[in-house]
Amino acid sequence: MLNADLHCHSTVSDGTLTPEALAARAKANGVELWALTDHDEIGGQQRALEAARAQGMKYLTGTEISVTFAGQTVHIVGLGFDHRNTALVEGLRRTRGGRGERAQEMSDGLAKVGVKGAYEGALKYVGNPELISRTHFARYLVEAGVCKDTPEVFRKYLTEGKPGFVPHRWARLQDAVQWISDAGGIAVIAHPARYSFTPNEEYALFTEFKAHGGRGVEVVTGSHSAQEAVRYAETALEFGLAASRGSDFHSPDESHTDLGALPFLPGQLTPVWEWLADRIQ
Ligand code: AMP
Ligand code: MN
Ligand code: MN
Ligand code: MN
């Protein structure tokens, strides 16, 4: 089976490698079909496409859109769209819009528990001024010695109920799916096992996603166990969705799953790239 890795992050969002360095690493790890999927941003797509070409890898355009659904943040990966599509470009620009203010509020929350200067500290790690994320705060808090690693920062400071967490309203599910689909791509529910929905809410997510034109789900990802992959393979079949595979690689120092270093998709599923054959560059 094809070694496809259709989920990772560069310095254009919260990864630590440039699109070019990611392409070289993907190639070295045996990736044959690659997509760069920066959060709420497609500013790295042209560079990624050119880097993939230079490495002799096939490429699909990609992004990972932050969505609010039933009070939680859900990530929708978009693949194979036209990255010059105006509605998509504009929708993503609006989705990024509140991040600066949110970051200031996160910093205020952290200051109240004695962690000073977190906004300025996080900024040192930001590669794209429009995309300051919790990951950048986590890196700074490790540097400042507040925590030993980024998972600990998330656990103690950056998740719901913790001092640096600021609730945020992201894009609507239907809008994210529509931006991707109208630009010729396929929308994919990212890492479904990472949400904490009730069974009813999860059923509603998949049902509404499909009704809005969503066509794929990540089954094999760096953030799924083998059992979770089996579970969402069944969900893919139940909802008639194609299956995607992606490491969600962010950094050589932080990510436990390297580019391309994933189990293959279970055999009975339709790989999403089969439905995107005419979009592969
Ligand atoms: P944001 O879009 O600013 O809310 O940041 C979300 C990003 O934070 C995700 O894409 C992950 O890269 C990272 N993240 C979220 N939860 C965790 C966690 N528990 N441990 C490590 N990184 C996390
Ligand atoms: Mn991330
Ligand atoms: Mn995600
Ligand atoms: Mn991701």
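The values are calculated or read from the model by the stated rules, or taken from the named source; none is laboratory data. Just so we're clear, the structure is a prediction, and the values are computed from it rather than from any experiment. Heads up, the Cβs are rebuilt from the backbone with ideal geometry, glycines too, and the neighbour counts pull from every protein chain shown. We work out accessible area using only protein heavy atoms, side chains counted, and drop any ligands, DNA or RNA first. Shrake-Rupley method; radii C 1.70, N 1.55, O 1.52, S 1.80 Å.
How about region 1-53: which of its residues are of a type in the set (A, V, I, L, M), within 14 Å of LEU131 (Cβ to Cβ) and either touching an Asp or Glu at 6+ places or on another chain (Cβ under 7 Å) or assigned to a strand (DSSP E or B) (or both)? Working first, answer last.
First, the residues of region 1-53 that are of a type in the set (A, V, I, L, M): 1-2, 4, 6, 12, 17, 21-24, 26, 28, 31, 33, 35-36, 42, 48-49, 51-52.
Still in the running and within 14 Å of LEU131 (Cβ to Cβ): 12, 36, 42.
Result: VAL12, single match.
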Could you list, in sequence order, all residues of region 54-90 that are crowded, with 24+ Cβ neighbours inside 10 Å and assigned to a helix (DSSP H, G or I)? LEU88
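Please state which one of GLY43, GLY121, GLY97 is away from ligand 1 (no atom under 12 Å from the Cβ), over 19 Å from the mean Cα position of the chain (by Cα) and not charged (D, E, K, R).
GLY121 is the lone residue from the list that is away from ligand 1 (no atom under 12 Å from the Cβ), over 19 Å from the mean Cα position of the chain (by Cα) and not charged (D, E, K, R).
Is it the case, given these coordinates, that ALA24 is small (Gly, Ala, Ser), more than 15 Å from ligand 3 (Cβ to nearest atom) and farther than 20 Å from GLY216 by Cα?
Yes: the conditions hold for ALA24.
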Tally of residues being open to solvent by less than 20 Å² (accessible area, probe 1.4 Å), touching a Leu at 6+ places or on another chain (Cβ under 6 Å) and over 16 Å from GLN281 (Cα atoms) across region 27-40: 1
Take the residues in region 138-194 that are under 17 Å from the mean Cα position of the chain (by Cα) and among the aromatic types (Phe, Trp, Tyr); name whichever of them is nearest to GLU101 (Cα to Cα). TRP170
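So that you can scan it fast, the table gives a plain yes or no per residue for (1) closer than 24 Å to ALA52 by Cα; (2) within 16 Å of ligand 1 (Cβ to nearest atom); (3) among the β-branched types (Val, Ile, Thr); (4) at pLDDT below 95:
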{"residue": "VAL230", "(1), (2), (3), (4)": "no, no, yes, no"}
{"residue": "ALA233", "(1), (2), (3), (4)": "no, no, no, no"}
{"residue": "HIS250", "(1), (2), (3), (4)": "yes, yes, no, no"}
{"residue": "SER255", "(1), (2), (3), (4)": "yes, yes, no, yes"}
{"residue": "LEU265", "(1), (2), (3), (4)": "yes, no, no, no"}
{"residue": "TRP273", "(1), (2), (3), (4)": "yes, no, no, no"}
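Conditions tested, residue by residue: (1) at pLDDT below 95; (2) among the aliphatic types (A, V, I, L, M); (3) within 16 Å of ligand 1 (Cβ to nearest atom); (4) within 14 Å of the chain's Cα centre (by Cα).
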{"site": "LEU17", "(1), (2), (3), (4)": "no, yes, yes, no"}
{"site": "ALA21", "(1), (2), (3), (4)": "no, yes, no, no"}
{"site": "GLY30", "(1), (2), (3), (4)": "no, no, no, no"}
{"site": "ALA35", "(1), (2), (3), (4)": "no, yes, yes, yes"}
{"site": "ALA54", "(1), (2), (3), (4)": "no, yes, no, no"}
{"site": "LYS58", "(1), (2), (3), (4)": "no, no, no, no"}
{"site": "VAL77", "(1), (2), (3), (4)": "no, yes, yes, yes"}
{"site": "ARG84", "(1), (2), (3), (4)": "no, no, no, no"}
